[in-house]
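Data first, discussion second: the structure below is written as structure tokens.
Computed from the coordinates by the stated procedures, all read-outs in this text should not be read as laboratory data. Given the structure is predicted, the values throughout are model-derived calculations rather than measurements. Cβ placement follows ideal geometry from the backbone for every residue including glycine, while neighbour counts extend to all protein chains displayed.
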Amino acid sequence: MERNDDKCGVAERGDPRQKVTQAASRVRVVLFDIDGTLIQSGGAGMKAFERTASSAFNAPNGTKTLQFAGRTDRSIVRGFFEANRIQPHAANFQRFFDHYVFWLDHLLPRLSGRRVPGITRLMTNLRALSEPPLLGLLTGNIRLGAEIKLRHFGLWEPFQLGAFGDNHEDRDTLAEIAYQRSCERLNRQLHGNEILVIGDTLLDIQCARKIEARVLAIASGAFSLEQLRAANPDWAVEDPGHLWVNELCQ
Ligand SMILES: [Mg+2]
């Protein structure tokens, strides 16, 4: 397994990162997606959407045709509203998410979810580095939904920053928000090469490229190794527990 060719692009005019050196740097922040990357919820997220559609909007089959993988929660809910001719105003989004977090909390203990194999070892190895990076979240989950899921699997506490689905509906913009929060946290402008994004979908790879970050793709189910490799991540693996973290971060 080798990292692909250097893809450290030149920052665009007007981009604050253009003042940052283009030289290779150590990774200072690792941003994790949640579903399919840190955990597999046993379908709790999708089922919570289904129950919400039924209980709060009387649309029991209203989520059947929606695409979930890699999308932000608000984007999925907007698709549900459009498909079911429900007004996409703020009160309906609030109503949806109020019910959604209830169902998520209810369903998680009743389904057979798990941590993604190898992810605990990867996190342990990252934290054991002589200069450990900050661990953050870059997820389409709303913040409370992310917390409910990760607390259930004992994975909420390690994360020091995050960009969530209630910060923005567009995942690429979420990556920009995560980048800005990383810079604020470290009190300096970071080059994209100092950030590693870890995800399991093509949209994770795409949003990482928007901030010129390194990308590790994990083939945990949503996409095959071949599909992920076709999108040219820096690394693509099935089990992240066997990665040499110095190679990821140096
Ligand atoms: Mg995912």
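Three principal axis extents describe the C-alpha atoms of the range 44-110; from largest down they are 32, 23, 20 Å.
Contact order for the chain, expressed relative to its length and based on alpha carbon pairs under 8 Å spaced 6+ residues apart, stands at 28 percent. DSSP assigns beta bridges within the chain; of those with both partners inside it, close to 10 percent run antiparallel.
Tilt of helix 73-83 relative to the longest C-alpha principal axis of the chain, in degrees (0 to 90, nearest 10)? Helix 73-83 and the main axis of the chain meet at about 40 degrees. Hey, what angle do you get for helix 90-107 against the long axis of the chain, alpha-carbon based, 0 to 90 degrees rounded to 10? The answer is roughly 80 degrees.
Placing unit charges on the Cβ atoms of the charged side chains and taking the dipole of the range 45-108 about its Cα centre, the candidate lying farthest along the positive direction among PHE49, ASN61, PHE93 is ASN61.
Any idea what the alpha-carbon Rg over 2.2 N^0.38 Å comes to for the range 84-199? Working shown, then result.
Numbers: Rg = 16.3 Å, N = 116, 2.2 N^0.38 = 13.4 Å.
Normalised Cα radius of gyration, the range 84-199: 1.22.
Run the helix sum for the chain: -39,500 (n - 2.57) per DSSP H stretch of 4+ residues, divided by residue count, reported at 222 nm to the nearest 500 deg cm²/dmol.
Details: 9 runs with 98 residues, N = 250.
Estimated from H runs of four or more residues: -12000 deg cm²/dmol.
Write out the trypsin sites (Lys or Arg not before Pro) in the range 136-189 meeting two conditions: DSSP loop, and at most 14 other Cβ atoms within 10 Å of their Cβ. Intermediate values should be presented prior to the final figure.
Numbers: sites: ARG143, LYS149, ARG151, ARG171, ARG181, ARG185, ARG188; in loops: ARG188.
For trypsin sites (Lys or Arg not before Pro) across the range 136-189 that sit outside H, G, I, E and B with at most 14 neighbouring Cβ atoms in 10 Å, the list reads ARG188.
Look at the dipole of the chain built from charges on Cβ: of HIS168, LEU122, THR201, the Cα furthest out on the positive end belongs to HIS168.
Under a 5 Å amide H cut-off, with hydrogens placed 1.01 Å from N, VAL215 pairs with VAL197, ASP234, TRP235 among residues at least 5 apart or on other chains.
In the range 219-250, which chymotrypsin sites (Phe, Trp or Tyr not before Pro) fall in coil by DSSP and have 12 or fewer other Cβ atoms within 10 Å? Could the numbers behind the result be given before it?
Numbers: sites: PHE223, TRP235, TRP244; in loops: PHE223, TRP244.
Listed in order of number, the matching sites are TRP244.
Sort MET123, MET46 by Cβ crowding within 10 Å, fewest neighbours at the top. List each step's numbers first, then the result.
On the way: MET123 22, MET46 16.
Fewest to most other Cβ atoms nearby, the residues stand as MET46, MET123.
Quick check for the chain: number of Lys pairs with alpha-carbon distance under 26 Å, counting only pairs 8 or more apart or on different chains? Before the final figure, lay out the partial values.
Details: LYS7/LYS19; LYS7/LYS210; LYS19/LYS210; LYS47/LYS64; LYS47/LYS149; LYS64/LYS149.
Lysine pairs meeting the criterion: 6.
Across the chain, how large is the tail of the calculated P(r) beyond 31 Å, expressed as a percent of all Cα pairs?
Cα-Cα pairs in the chain separated by more than 31 Å: 23 percent.
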